[in-house]
1. Relative contact order for region 69-153: what percent, with Cα pairs under 8 Å and sequence separation of 6 or more?
2. Round to the nearest 0.05 the FRET efficiency obtained for Ser95 and Asp134 when R0 = 25 Å and r is the Cβ-Cβ distance.
Amino acid sequence: MRMHRVGKTLAALVVAGGLLGTAGYVAVGSAAGNSLFGYGCGAAEERLGEVLAGESVLEVPPDGSKSAESYQECDDDDRFVVAGRSYAYDGSRQSALRHYRDRASAQGWQAVAGDCFSKPVGDTTGYLTVGGPDAGTLQVEIIADRDGSRWCE
């Protein structure tokens, strides 16, 4: 009699564990879970990325730039969006900063820090940063999210 009760209890625990495991997968690891619980990048972030990538400040590189590579990304964990360009660059950092400072201010970007500018983009604030040149590469990107993060401070 005792064996029978233990067998039923063990079977119930196995079934409960399987149900919890399945629920955990749906909540965290599946497309259905992502849409139910809002994890990861979605259509809104894709649209924001397109808006950022379309900013004209990214279109004209500084003198001395070659072979641009464009990129657009979204971080699934924090849902921040980045769009930018990376250039082979043989000029100075000061020259690159001067170029982007002039272009950015002419297009409504406000200086926040030495190499970072902000502007309303879409329905949030975008932050334009200039990185490098490091090992002959200049990187210019705009980052934004819908949480009101301050990326330059």
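Every number in this text was worked out from the coordinates using simple rules, so none of it is lab data. If you're wondering where the values come from, they're calculated on a predicted model, not measured in any experiment. Please note: Cβ atoms are built from the backbone with ideal geometry, for glycine as well, and neighbour counts cover all protein chains shown.
1. Reported relative contact order: 31 percent.
2. The pair Ser95/Asp134 has a calculated efficiency of 0.95.
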